[in-house]
Amino acid sequence: MEIWPAAIGPGNRLDGMQYIYKSGYMESEETILALAALAQSTRLEVFRLLVKHEPKGLAAGDIARALVVPQNTMSSHLSVLSRAGLVSAQRFSRSIVYRADLGRFGAVVLFMLRDCCDGRPEICTPLIENLTPCCAPAKNQLARKKRAHAKL
């Protein structure tokens, strides 16, 4: 992260600003690549399917059958997702099992949200609440089960 003093002067579009945040070029390019990969309907469905099958993943043929896509076409889509860093592949005997890279996807989402609200919680809070996972962590589930058994 680099902070550059802004040039201040008449006619300058940055009048009054003290600093400019200069984001890393590669970080922006990687995010653009990931978003472009997900901007195609079949690839988006592939990624969503792989997320549902975490952590085991799915074989390429199973993905193609589930989405009713020819295997050679599916191979191309998986290749694009792989180059974007959104999926990883591991060979098991004769099949290749693909998994969603949730860490990479999280990094893309965080890149998009970073400084999105200019530090204003009234804007950020509802957005973050909507991003809260649908599944409670195991620790919370265990606490709920204990309370349910205590009520019996």
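Here are some residues: 32, 3. Which one is surrounded by fewer than 17 Cβ atoms within 10 Å (Cβ to Cβ), hydrophobic (A, V, I, L, M, F, W, C), under 25 Å from residue 118 (Cβ atoms) and at pLDDT 90 or above? Please lay out each step first, then the result.
Numbers: 3 fails: at pLDDT 90 or above.
Going through 32, 3 in turn, just one is surrounded by fewer than 17 Cβ atoms within 10 Å (Cβ to Cβ), hydrophobic (A, V, I, L, M, F, W, C), under 25 Å from residue 118 (Cβ atoms) and at pLDDT 90 or above: 32.
Name the residue, out of 104, 99, that is touching a residue at least 24 places away in the same chain (Cβ under 8 Å), among the basic types (Lys, Arg) and under 15 Å from residue 63 (Cα atoms).
Only one candidate qualifies: 99.
Mind listing whichever residues of region 54-70 are assigned to a loop (DSSP other than H, G, I, E, B) and more than 14 Å from residue 89 (Cα to Cα)? Write out each step before concluding.
Filtering region 54-70 for residues assigned to a loop (DSSP other than H, G, I, E, B) gives 54-57, 68-70.
Across region 54-70, the qualifying residues are 68, 69, 70.
Among the residues of region 37-54, how many are in contact (Cβ under 8 Å) with a residue 12 or more places away in the chain and within 16 Å of residue 106 (Cα to Cα)?
Qualifying residue count for the region: 6.
Mind checking which residues of region 62-92 are surrounded by 13 or more Cβ atoms within 10 Å (Cβ to Cβ), more than 19 Å from residue 29 (Cβ to Cβ) and among the aliphatic types (A, V, I, L, M)?
Listed by number, the residues that qualify are 63, 64, 66, 67, 69, 74, 78, 89.
The values are calculated or read from the model by the stated rules, or taken from the named source; none is laboratory data. Computed from a predicted structure; not experimentally measured. No Cβ is skipped: glycine too gets one built from the backbone with ideal geometry, and neighbour counts run over all protein chains shown.
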